[in-house]
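All remarks here apply to the structure that follows.
The values are calculated or read from the model by the stated rules, or taken from the named source; none is laboratory data. All values reported here derive from a predicted model rather than from experimental measurement. Methodologically, a virtual Cβ is constructed for each residue, glycine included, from the backbone with ideal geometry; neighbour enumeration extends over all protein chains shown.
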Amino acid sequence: MVQERLWWLSLSKCKSDSVNSKPITLSWCYPPHGWLKINVSGIVAKEATGCGGVLRDEEGTVRALFSGPCDAIDADAAKLGAIITMLDVIIEIGWRGSGLIIVEIGSVVAYKWLLNEDRRPWSQQTTFADMERRLACVGEVAFSKAK
């Protein structure tokens, strides 16, 4: 259980101290100096899909935050939608050339799709084409797999 009031103050302290809760280890690494880091997530539950993301600078300051519904057929596609949305945010704030960007994703499948074009499903070709156009607008991007 998460204590929402503590979320913005200290992520590591927001876990509830209920009797039945087990200790959790949270790990998040700051991006290198001059970089931005995007952490994205996508979820599918029955008939609803959603995605969200957090964009932070090298000091851990939240620069953008979003969540909401997305058009996706599964959780991996929802994560791709979250990346596209965050790239739109970066383009909107005019980050191009200002620094490098790390996109951290929790899905092994989506991560492999991002790194290897041969593994991308045919059904996602339009999504990847849209993503490539946005990536060309924001400068250097590195993808990483969240632990």
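Within region 94-123, the set of residues being over 18 Å from the mean Cα position of the chain (by Cα) and either under 18 Å from ASP71 (Cβ atoms) or of a type in the set (Gly, Ala, Ser) (or both) comprises GLY94, GLY97, SER98, ARG120, PRO121, TRP122, SER123.
Counting only strands (runs of 3 or more DSSP E) that sit wholly inside region 44-118, those with at least 1 residues that are surrounded by fewer than 18 Cβ atoms within 10 Å (Cβ to Cβ) and free of Cβ contacts under 8 Å to residues at least 24 places away in the same chain are 48-57, 62-69. If you filter region 39-87 down to residues that are under 22 Å from SER123 (Cβ atoms) and of a type in the set (Asp, Glu), you find that the one that is modelled with the highest pLDDT is ASP76. Considering the conditions (1) exposed (fewer than 12 other Cβ atoms within 10 Å of the Cβ); (2) modelled with pLDDT of 75 or more; (3) of a type in the set (S, T, N, Q), THR25 is excluded by exactly one of them, (2). Restricting attention to region 128-147, and to residues there that are of a type in the set (Lys, Arg) and surrounded by 13 or more Cβ atoms within 10 Å (Cβ to Cβ), which single residue is nearest to ILE93 (Cα to Cα)? Ranking the qualifying residues of region 128-147, first place goes to ARG134.
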